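Structure record follows, encoded as structure tokens.
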Amino acid sequence: MYVVTVKFDVEPSQLTEFTELMLKQAEDSLTLEENCLQFDVCHAEDKASLIYLYEIYASKQDFTLHLVSEHFKSFANKVAPMVLNKEVECFATIKTACDPIL
């Protein structure tokens, strides 16, 4: 499994539009990408304009395919002017809950 986290600091005046686009992007990723296994959209309790994504893909290659998909490229272009800062971190799974204890 391949886990991706993204933290967006969104211009507060753009938050409603950004959130609508983000939720559509999550839905599209889960619907159109067979190996997008999870896509959670969250916001900070103390700062609604801080949006956090937690995504799980079957493999790093599946995430690479996500980045070149038409729906992702369209989303990224639309939200770029709304984002004050963006941080992406990627993780390879060491163990899943189903794996035997190491």
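For region 79-96, name all the residues that are of a type in the set (A, V, I, L, M, F, W, C) and closer than 18 Å to A26 by Cβ.
Once the filter is applied, which keeps residues that are of a type in the set (A, V, I, L, M, F, W, C) and closer than 18 Å to A26 by Cβ, region 79-96 yields V79, A80, M82, V83, V88, C90.
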For this session: Evaluate the following for N77: is it open to solvent by 60 Å² or more (accessible area, probe 1.4 Å) and in a helix (DSSP H, G or I)?
Result: yes
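State all residues of region 57-74 that are among the aliphatic types (A, V, I, L, M), surrounded by 14 or more Cβ atoms within 10 Å (Cβ to Cβ) and without any contact (Cβ under 8 Å) to a residue 40 or more places away in the chain; if no residue qualifies, say none.
Here is the first cut: in region 57-74, the ones among the aliphatic types (A, V, I, L, M) are 58, 65, 67-68.
Within this subset, residues satisfying the condition of being surrounded by 14 or more Cβ atoms within 10 Å (Cβ to Cβ) are 58, 65.
Across region 57-74, the qualifying residue is only L65.
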Problem set entry | Selection count, region 24-35, where residues are out of contact with any strand residue (DSSP E or B) (no Cβ under 6 Å at 6 or more places or on another chain) and either in a helix (DSSP H, G or I) or surrounded by 14 or more Cβ atoms within 10 Å (Cβ to Cβ) (or both) | 7
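The values are calculated or read from the model by the stated rules, or taken from the named source; none is laboratory data. Values in this document were obtained by computation on a predicted structure and should not be read as measured data. Here the Cβ is made from the backbone with ideal geometry for all residues, glycine too, and neighbour counts use every protein chain on show. Heads up: the accessible areas ignore ligands, DNA and RNA and are worked out on the full protein's heavy atoms, side chains in. Shrake-Rupley method; radii C 1.70, N 1.55, O 1.52, S 1.80 Å.
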